[in-house]
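Notes follow the structure.
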């Protein structure tokens, strides 16, 4: 059993959460506050409660256009993302690790985020990846064992030859393992077992 493909999640794995936090917890509440004549903190609490009512198992949770329409916000998603693109930040270990991995492995992305977000977040590193998959945009699904299997079939590779790395214990780690992938759970600042705390630790796993 040899790893041929290394797959990555994006948020919390390649890109930090700052951009997401600004869009979902600052920018959208700011528009809601203006529309309703509320103070920002009241609008923020309301918006976050509305997100929670939907939950991350529902595709609408990921769809910024759904939320803009629901809250009556007339600004386009594209304009909002463009406004804050300067806040997209890669973790410091990302480029050095991708540079080294690309010499021996094919690299892909498997993420739940819609492509409207994905394109913005990875535009500086997209050239490293042979394929990028948005499960929401491409398969109308969140990550699941079935989706992981479908992706393996689409790229023509056996599941056991793919290593997936991500920060979600269920969507990234458990579901990819159930599909037959090899998996590592990334816990930045943590670690232990099949967990790594930096991407650089992947080389210990691949060489072990």
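Taken together, the values in this text are just the output of simple stated rules run on the coordinates, not laboratory data. For clarity, every value in this text was computed on a predicted model and none was experimentally measured. FYI the Cβ positions are ideal-geometry reconstructions off the backbone, even for glycines, and counts take in every protein chain you see.
With springs only between Cα atoms under 10 Å apart, run a GNM on the chain and tell me which of 117, 40, 133 wobbles the most. Checking each option, the largest mean-square fluctuation is seen for 40. Only alpha carbons enter this Debye calculation for region 131-208, each as an equal point scatterer, and the log10 of I(q)/I(0) it gives at q = 0.17, 0.27, 0.28 Å⁻¹ is -0.66, -1.28, -1.32. For region 74-179, the Kirkwood radius over C-alpha pairs fed into Stokes-Einstein at 10 °C and 1.306 mPa s yields D = 105 µm² per second.
Taking every C-alpha pair closer than 8 Å and separated by at least 6 residues, the mean separation divided by the residue count of the chain gives a relative contact order of 25 percent. Express in whole angstrom the spacing between the alpha-carbon centres of region 113-140 and region 15-89. Distance between centres, Cα-based: 20 Å.
Need one word for the chain: rounded, prolate or oblate. Basis is the Cα gyration tensor (sqrt eigenvalues a ≥ b ≥ c); a/c below 1.5 gives rounded, then a/b vs b/c decides.
Prolate, because a/c is 1.5 or more and a/b exceeds b/c.
I need the peptides 162-170, 82-90 ranked by packing, meaning the mean over residues of other C-beta atoms within 10 angstrom, with the highest value on top. Let's see the in-between values first.
Numbers: 162-170: 20.4, 82-90: 13.3.
So the peptides 162-170, 82-90, ranked by packing, come out 162-170, 82-90.
How far is helix 145-155 tilted, in degrees, relative to the longest principal axis of the Cα atoms in the chain, given as a value from 0 to 90 rounded to the nearest 10? Compared with the principal axis, the helix lies near 60 degrees.
For the peptides 180-189, 16-25, residues were scored by their other Cβ atoms within 10 Å and the scores averaged per peptide; the highest-first order is 180-189, 16-25. Taking every Cα-Cα distance in region 54-136 and sorting them into 10 Å bins starting at zero, the pair-distance distribution P(r) comes out as 15, 40, 31, 12, 2 percent. For region 18-86, pairs of C-alpha atoms spaced more than 20 angstrom apart make up 22 percent of the total.
Over the chain, DSSP H runs of length four or greater, each weighted -39,500 (n - 2.57), average out per residue to a 222 nm ellipticity of -11000 deg cm²/dmol.
For the chain, the antiparallel share of DSSP beta bridges with both residues in that region comes to about 10%.
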